[in-house]
Each structure stands twice: as C-alpha cells, then as structure tokens.
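As structure tokens, the structure follows; a few thoughts come after it.
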Amino acid sequence: MDQPPILEARDLKAYYITEAFGVRRTVKAVDGVSLAIRPGEIYGIAGESGCGKSTLLKMLLGEFEPPLTPVEGSVTYDFGEGQHDALDMSEGEVTATRWSRVSYVPQGSMHVLNPVRRIGDTFHDFISTHQPMSRRQTNERVAAYLAEFGLREGVLRAFPHQLSGGMRQRVTIALATILSPKLIFADEPTTALDVVVQRGVIQLLKRIQRDHGSTLVLITHDMGVQANLADRIAVLYAGKLVEEADTRTIFKAPRHPYTQHLIGSLPTLEDKVARVSLPGRPPALDDPPSGCRFHPRCPYAMEVCKTIVPPLVTLEGGHRAACHLITGETDHAAATSPALA
Amino acid sequence: MTLFKEYIFPRLIQWVIVIFIGVSLTFLIPRMSPINPIDQAMGRLTAFQTLSPEATLALRQSLMDLYGLDGSLFSQYVNFWGRVLRGDLGPSFSAFPTTVTEMIGSAIWWTIGLLGLSTVIAWTLGLVLGALAGYFPDRWWSKVLENTLVSIYPIPYYIVAFILLMLFTYYLPIFPLVGGSRGAPGFSWSYLSSLVYYGFLPALSLVIGATAFRFIMSKALAGTERTSDYVRFAEIAALPKRKIVFRYVIRNTMLPQVTDLALSLAAIFEGALITEVVFGYPGLGYLLLNAINASDYNMIMGITLLSIVGIATASLLIDLCYPLIDPRVRYR
C-alpha cells in the first residue's frame, strides 16, 4: 500500500485531433483521467465499447501516433528506481522499457503472430531485441517457458496456422511475458475465445502475475472476467473515470448509476427476470454532453447534472466516484455535521 | 510423399497438358490460315527467274517435305511432334538454310541477359522502395518517390525509350546507338565491359517503367501490412524497424509479387520487341520482328513454341516454390 504506484496517470487528456479541408475535429477520447496502479495488483479497466478504453491503454503504454495527441496531464512509470515519463520516451528508452519491464498481451491472437515465421523465430526476434542472446539460448529458454504453459517444444518449429486458437493464445501470452515484465497490459485477452479457453487464459494470467510478482492491467468490457481476476476496477464512461473501487465494492455497492447498470446487466443463477438494459449508447466524443456526460441516459439525472461536471470524490476505503448524487451527499454531510455536533 | 502426390504431381500433369495444347494450337493455327507458305516461298523464288515445270514441281515437293506439309493433317501432326521433341524446328525461310534452332540459340542469350537482369533489378528495387514507402508513408522521401514514380508510370514505354535514346546517344552522345557488344566474344574485360556499356540504355529504359509498376504494387501491399496485427504487435515490442520492414512487411507481401516476377521472367522468351528494335539490340524480339516482316513461319512458330514452354515452365516452377515462400501452402 505504501509503495509508490508503478503506474500513475495524472489528469490525462488525450484527443484525436484531425484536420481536413480546414475543418478541425477533436475527439476527446480520454478526458481528464487520473489513476494510480500499485505494484503487484491486478487492476481492471471496464466500460462499454467507445468509452475510451483502448485510447487510455495506448496512452498508458506510451504507444500513440497522430492523430492521437496527449493534450494535458502525464503518465509515469516507477519501477523502484525513479520515475519515467511514459509519454515522452526516446526510441532507445522505448526499447529499454518494453518487454523487459512493460509488456502487452494483445486482443485476439489469431493474427498477432507473423504467419510466415516459425514460432521459434518470432520468439527470437522479440527476445533478442531486448536481451542479446544467441539462437540456441533463446530456444532453450523459450522451450522451458513454454513447458510451464503446457506446450511442447515442437511448437517452436511450427507456423502459427498449425496451432489451435487456444495454443496460439498461450503462445502469445508466453511471448509477451517471457522476459518477466513488471507491468503487463492485457487488452481484451479473453474476447473472441470460447469459454473453456477463456478459463484457461484467465488462470494463466493469474499464475504469471503471481509467479513473477508483476502488475497486471486488465482491459475488458467483460465484467465476468473482471470479477474473476481484478483486485480493483476502474469504470470508464465517455472518456472519463466515473468510479473506481476494489472489486468487491464495485460489485456489491456500486455508487455511480452507470456502474450500477453495468453490474445490473449481469445475469445471476437465481433470478429468472429479464435483465434491464440501459437505453441509448455512449455519446459521440467529438461533442460530448455538457455537465455529467452520463446525464442523457441517467435515470436519476437532475438539473445540476446538465451543466456542472461532477468531480471525482473519494469515499471511504479509497472508493472514488463522480456523480452529483454522491457530491450532494458529502456536501450535505459536511454542511450538517457541525450543526449536529 | 503426400506433398508429391497432392501438390507436385497434379502440377506436373497440368504443365504437360498446357504444353500439349499450346504446341497443338501452334501446329493448327498456321494450317488454318488462308496463306500458303509454299506458294509464298515459290513466289519469292520464281519472282525474278523462270523455272521449268519439272523443277517447279520438284521444288514444291522438297519445300513440302522441308516444311512438314506432306501427307494428311494427322501424319503432319505426328511428324511435327517428332520434330519438336528432337528440337528440330526446321530451317528459317528468310535465312535459309540456317535452322531456326540455331538462330534462336544465338539471339536468346542477348534477350535473357538484357531482360533477365533488368527484370530482376526492377523487381527488387520496386519491391524494397515500395515497401519502405508503404511502411513510412509520412516521410518526405516516401512522398517524393511516390510522386515521381506515379508520374513516370503512365508514360508509354516507347516514349521513354526514345527520350533516353535521343538524350544519351544524340544530344549527349555517351552511349552507343545500336548493337549489343564490341570486340571478340570472350572473358576479357573489354568484351564484358562493352556488354554493360551497350546494354545500359536498353536496360535502363526497361527498369524505369518496371520499377514504377512494382513500386506502386509493393507500396499498396505494404500499406495494408503496416496496419496488420502482427506488425502492430512487433512495433509495440519495439522490434527494430529494419527487421519489421524486411521480415514482417516485405516477407508477407512476397507471394503475389513472386508470382509476378516469375511470369515476367517467363515473358522474356517473347523477347522485348520495342526495346530491341529501338536500341537495335540483337535479341529475340528483333528476330521475331524480322520473321514477321519476312513471313518466316518456321521462325515465328519456333519463338511461339519457346514462349509457350517458357511460360508454362515458369508457372510450374513458381507453383513448386510456393511452399518455400508461404508455409500455409505446405499443408493444404
């Protein structure tokens, strides 16, 4: 708890700025997100499609190119030897940071492996970029590592199309984690996999995180996977962080109406009632609603929600939420408590 | 073994069938033409002298024998195959009694040298430049390259050839106007350097257009590869750009481009008509043009047969090489 965060974003704003025929268009995909990820935890980032998850991930990785532009704020890594700015790394710093410290498990492994290269060659490409190593050494190391994943050495000589979907996903995870990175980003690692393979992948990620003592940042819209893996969950809506708490609190006592709907949409074994879905869709981010961005869809929307952006307030136990219902409550409590005393 | 049975064998059969049909058509088409080569040859021979009727008949008979026009269509066909398989394509009509095989044999090396080299150079250059420009579309050099080559590409080939010819043999007489070499053939420095000196302009004219075409193809293919998942993943893993361009981008754009390379190498056997005529280069194209002008049927047929066999064989070779280039073909 007292360790400095391994990854910290401060008031991060990242916009897609495009200009065509003199018309400037700004899409505010990430708009003022602050979060701090502690070493060794599994931090989930949730939210529906189009809420800025992928953009936030690109910024946290420091892997962005125009039109995506960091406008304000900062992202810093701290691997126990001082802070690094993740948004302004030189090519050499990127090479030094990636894979040995910060790694990335991509979404869907169908096409992330070069189809014309043997698995062993791909491993050698990735490893030798970061650690000078002979072909023999990488082969030995990779074979040993793959064995932990239940993959035979023969996989090294195979081409990607010769492997099943589940094997390919395991190979990809192995490729991303072989250098024992301290910080792993997993982008929808279970999406597009069947449930049996999903379960294997979840267990694998959990084991790697435990064995290497790494920090895992899990980006997925799938609240079931979040519940299974994450220690803490942040909920994004329309480019803003609307709620963040430990997993139990998010599921048992969500405060933000959006989170409540997200949780409420999950089926449970007992009840047989149709799930209530939230009408509407996330707003277009080139012209987000004024005030609270959720107000057009919010069943509890008040006048104040249409004009004033609710601040992210910290509740007990580090639980953070941004909603006028809560702001009102804390204001009220603050205003009334002296009178009671 | 299954590789042979399921992949190689059907392609060998296909190769045999294509050549069989091609050779048969080459046999049939001139025989369906209303022009009788014997009458033409007789006309040429008797234009300036009169022959006795016996001599005319004897001459006609020996020409029929010589050109394989004796007997029924079927026996002609069987004889024709026999001669093709022996490599005997008969005498050239216009350069009688030199055989077609001999004449093609001396012209073909010029064409293979000129076209083979310029095709390979243009292909490699276009492939690499195109892939670099496709992978780095925002760099200034990539834009300069693209604009230049896209402007050059639509210019008709003969205009490019004539411009080069005028510029470098007339206004700036650096290169020779006609010919293929100078001095006695042999492994001497002066002979070999004259080959390069005489071949430079025709080769350059071919390389310019072919490079522009290959560049456009390669750039488009590399542009799609650039956004593919495996290239993005390799970039996030900070692999060196050089490795990404060559082993990830180019390697994946190779398959259609290798097909193109093989087909254009096969087309060498048709000769480069315009190039060889414009630059007076003694290759197959020049030979073909002369044969057409002189109604030299045997020669035309000889060059046609050569190109049929050449293209069919090249296609067979590409098919056989696919498994080496694309591992996905191996286990169909």
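Between the Cα long axis of helix A:119-130 and the first principal axis of chain A there is an angle of about 70°, rounded to the nearest 10.
The chymotrypsin sites (Phe, Trp or Tyr not before Pro) found in region A:1-50 that occupy coil by DSSP, while having at most 14 further C-beta atoms within 10 Å, are A:Phe21. Restricting the calculation to Cα atoms, region B:278-332 yields a radius of gyration followed by a Dmax of 17.5, 52 Å. Over all pairs of different C-alpha atoms, region A:171-256 has a mean inverse distance whose reciprocal, the Kirkwood radius, equals 13.8 Å.
Stokes-Einstein diffusion of region B:206-298 at 37 °C, 0.692 mPa s viscosity, Kirkwood radius from Cα pairs, rounded to a whole number: 202 µm²/s. Once the Kirkwood radius over Cα pairs is known for region B:156-202, the Stokes-Einstein relation at 4 °C and 1.567 mPa s delivers a diffusion coefficient of 114 µm²/s.
Largest first and in whole Å, the equivalent-ellipsoid semi-axes of region A:111-177 read 17, 13, 10, each the square root of five times a Cα gyration tensor eigenvalue. Per residue, the convex hull around the alpha carbon atoms of the protein assembly as shown comes to 267 Å³.
Which residue fluctuates most in the GNM of chain A (Cα springs below 10 Å): A:Arg207, A:Arg168, A:Arg101? So, out of A:Arg207, A:Arg168, A:Arg101, the one fluctuating most is A:Arg207. Computed 3J(HN,Hα) for region A:224-241, one whole-Hz value per residue from the Karplus formula 6.51 cos²θ - 1.76 cosθ + 1.60 where θ = phi - 60°, is x, 5, 4, 4, 6, 10, 6, 8, 10, 10, 10, 10, 9, 9, 6, x, 10, 7, glycine and proline marked x.
Counting only alpha carbon atoms, the long axis of helix A:135-148 and the longest principal axis of chain A meet at about 60°. Put simply, the convex hull of the Cα atoms in region B:109-294 casts, on average, a shadow of 13.0 nm². Eigenvalues of the alpha-carbon gyration tensor of region A:241-329, scaled by 5 and square-rooted, set the equivalent ellipsoid semi-axes at 23, 18, 11 angstrom, largest first. A cut-off of 5 Å between modelled amide H atoms, ignoring neighbours fewer than 5 places along the same chain, links A:Gln107 with A:Asp187. Using only side-chain charges placed at the Cβ, +1 for Lys and Arg and -1 for Asp and Glu, the dipole size of region B:109-294 relative to its Cα centre rounds to 580 debye.
Remark on A:Val71: its backbone amide H falls under 5 Å from those of A:Lys13, A:Ala14, A:Tyr15, a criterion applied only to residues 5 or more positions apart or on other chains, H modelled at 1.01 Å from N. For region B:1-160, the mean projected area of the C-alpha convex hull, equal to one quarter of the hull surface, is 17.2 nm².
Of the residues B:Val231, B:Val249, B:Val160, the one that moves most in a GNM of chain B with alpha-carbon contacts below 10 Å is B:Val231.
Backbone phi angles across region A:301-309, fed through the Karplus curve with coefficients 6.51, -1.76 and 1.60 (θ = phi - 60°), yield HN-Hα couplings of 4, 10, 4, 4, 5, 6, 10, 9, 6 Hz in residue order; Gly and Pro are listed as x.
Magnitude of the charge dipole for the protein assembly as shown, about its Cα centre and with charges confined to Cβ atoms of Lys, Arg (+1) and Asp, Glu (-1), is about 820 debye.
Lys-Lys pairs in chain A that are eight or more residues apart or on separate chains and whose Cα atoms lie under 18 Å of each other come to 12. Using the Stokes-Einstein relation with a Kirkwood hydrodynamic radius computed over Cα pairs, the translational diffusion coefficient of chain A at 4 °C and a viscosity of 1.567 mPa s comes to 60 µm²/s.
Each value in this text was obtained by applying a stated rule to the coordinates, not by laboratory testing. All of these numbers come straight from a predicted model, not from anything done at the bench. Every residue, glycine among them, receives a Cβ derived from its backbone with ideal geometry; neighbour counts consider all protein chains shown.
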